[in-house]
Amino acid sequence: MNQVAQSPDVARLAAVARLLGGTATFRKMPRSPLEAHEILLNGLPSKALLHFVDNLVFLRWDDSFARAIGMSHRTYQRHTAENIRQLSPEQSGRAWKLAEILAKATAVFGSKDEAEQWLERPAIGLDQRKPIDLLATPAGVELVEELLARLEYGVYA
């Protein structure tokens with residue numbers, strides 16, 4: 001396979017994996033979308049979500065965050081207290097998607113802090129809804145991803 005064609009995927013996957021703990025979390029870093037799929041299908045290690053949450057600056061575990069992850073705060077607390085080793089495939093996929101969106105927003109806005117703040121602010125391109133609020137459904141995720149793509153290319157409307 002051509003390394004040049006593969007490098008954007010590898011860079012994107014590496015950015016997402018770093019948000020989820022990088023080499024401290026993953027035995028083998030995903031190098032393709034198919035490898036990421038296999039990891040998520042088997043369930044991310046709980047420490048991936050713990051690392052992700054511990055390293056957030058502006059985002060907090062509230063109802064919007066819980067819906068985006070697909071996990072109540074109580075379940076998250078059980079993962080930390082009871083040393084539950086794996087997330088379900090559903091929780092893994094949603095945690096990965098939130099990390100993916102945060103990584104993309106970080107690239108668009110230039111810093112993780114700005115990206116987190118953007119997720120919490122009403123957005124004109126989302127009819128004054130906060131991006132984090134839309135991450136509870138696949139349709140909402142698609143809207144947020146489309147807005148990020150427009151922002152990346154300077155198309156706001």
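The values are calculated or read from the model by the stated rules, or taken from the named source; none is laboratory data. None of these values were measured; they are calculated from a predicted model. Note that each Cβ is placed from the backbone with ideal geometry, even for glycine, and that neighbours are counted across all protein chains shown.
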> When only residues in the range 122-145 that are free of Cβ contacts under 8 Å to residues at least 24 places away in the same chain and assigned to a helix (DSSP H, G or I) count, which is farthest from Ile69 (Cα to Cα)?
Replying inline: Leu126
>> Please verify whether Gly70 is of a type in the set (Gly, Ala, Ser), modelled with pLDDT under 95 and on the phi > 0 side of the Ramachandran plot, treating the condition exactly as stated.
In response: yes
>> Residues that are within 23 Å of Glu142 (Cα to Cα): list the helices (runs of 4 or more DSSP H) wholly contained in the range 1-112 that include at least 3 such residues.
In response: 3-19, 33-42, 46-54, 63-69, 89-109
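The rows are residues; the columns are (1) acidic (Asp, Glu); (2) surrounded by 13 or more Cβ atoms within 10 Å (Cβ to Cβ); (3) out of contact with any helix residue (DSSP H, G or I) (no Cβ under 6 Å at 6 or more places or on another chain).
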{"position": "Ala15", "(1), (2), (3)": "no, yes, no"}
{"position": "Ala24", "(1), (2), (3)": "no, no, yes"}
{"position": "Val53", "(1), (2), (3)": "no, yes, yes"}
{"position": "Val57", "(1), (2), (3)": "no, no, no"}
{"position": "Phe65", "(1), (2), (3)": "no, yes, yes"}
{"position": "Ala68", "(1), (2), (3)": "no, yes, no"}
> Within the range 110-139, how many residues turn out to be of a type outside the set (A, V, I, L, M, F, W, C) and under 22 Å from Ala15 (Cα atoms)?
Replying inline: 10
> Restricting attention to the range 146-157, does a residue exist that is within 17 Å of the chain's Cα centre (by Cα), under 19 Å from Leu49 (Cα atoms) and crowded, with 19+ Cβ neighbours inside 10 Å?
Replying inline: no
>> Tally up the residues in the range 69-93 that are acidic (Asp, Glu) and either closer than 23 Å to Ile132 by Cα or touching a residue at least 40 places away in the same chain (Cβ under 8 Å) (or both), please.
In response: 1
>> Can you pull out every residue in the range 31-45 that is in contact (Cβ under 8 Å) with a residue 12 or more places away in the chain, among the hydrophobic types (A, V, I, L, M, F, W, C) and surrounded by fewer than 17 Cβ atoms within 10 Å (Cβ to Cβ)?
In response: Leu41
